[in-house]
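The values are calculated or read from the model by the stated rules, or taken from the named source; none is laboratory data. Just so it is clear, the model here is predicted, and its values are computed rather than measured. FYI the Cβ positions are ideal-geometry reconstructions off the backbone, even for glycines, and counts take in every protein chain you see.
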Amino acid sequence: MTTLESIPSDTKQVANDVASGVADAITTAVATASDAVSDAVESAKRQGRRARRKAHRATKAQNRRAQKQVKKTRSDAATLLSDFSEEAARRATDVAAAAQGRGSKKAKKHGKFYWTVLTVAILGAAAGGGKYLADKAADKSAAKSAPPVQPREPAAI
């Protein structure tokens, strides 16, 4: 059996050097692996932040476009309603004027007040119907241009 005293000192020195070299190699490998993992984690965090910012900007731009479209649709609907109301008023006035006694026996049964009320009722119904249709069209357009639900990104490690 070999004892520690029986091993020559230069062999002991070589063994110590080898053990020290192995320990240094292990320490270096662990440090390198740790640095690589840390770098990978930091890179993943940066990419996650970058992707989150990019998605946020895209969502904001999409919302701006949707709001513009809604405003344009409402403006178009208001113009359409105005044109519709003017046309309805003109037609109702023509109907009332024709019915107020230009040869019609039925028209003579009702006075001017009746025909005025009837004209106002027709105009109100036409304007209300036009406004309802315009609002419905604007709501439908807003629903179509609403941004889709964004899928959630997996958490960065």
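Looking at region 54-72, can you tell me whether even one residue there is farther than 30 Å from Glu153 by Cβ, assigned to a helix (DSSP H, G or I), modelled with pLDDT of 80 or more and not acidic (Asp, Glu)? Looking for residues that are farther than 30 Å from Glu153 by Cβ, assigned to a helix (DSSP H, G or I), modelled with pLDDT of 80 or more and not acidic (Asp, Glu), one finds at least one in region 54-72, hence yes. On inspection, Val18 does not qualify as surrounded by 11 or more Cβ atoms within 10 Å (Cβ to Cβ) and in a helix (DSSP H, G or I). Could we say that Phe84 is modelled with pLDDT under 80 and either touching a strand residue (DSSP E or B) at 6+ places or on another chain (Cβ under 7 Å) or within 30 Å of Lys144 (Cβ to Cβ) (or both) here? Here the answer is yes, as Phe84 does meet what is asked. Kindly provide the set of residues from region 27-80 that are within 13 Å of Ala142 (Cα to Cα), of a type in the set (Lys, Arg) and without any contact (Cβ under 8 Å) to a residue 60 or more places away in the chain, ordered by number. Result: Arg64, Lys68, Lys71, Lys72.
Taking the stated definitions as given, is Ala33 over 30 Å from Leu123 (Cα atoms), in contact with a helix residue (DSSP H, G or I) (Cβ under 8 Å, 6 or more places away or on another chain) and not basic (Lys, Arg)? Walk me through how you get there before you give the answer.
Values: over 30 Å from Leu123 (Cα atoms): yes; in contact with a helix residue (DSSP H, G or I) (Cβ under 8 Å, 6 or more places away or on another chain): no; not basic (Lys, Arg): yes.
For Ala33, the condition - over 30 Å from Leu123 (Cα atoms), in contact with a helix residue (DSSP H, G or I) (Cβ under 8 Å, 6 or more places away or on another chain) and not basic (Lys, Arg) - is not met.
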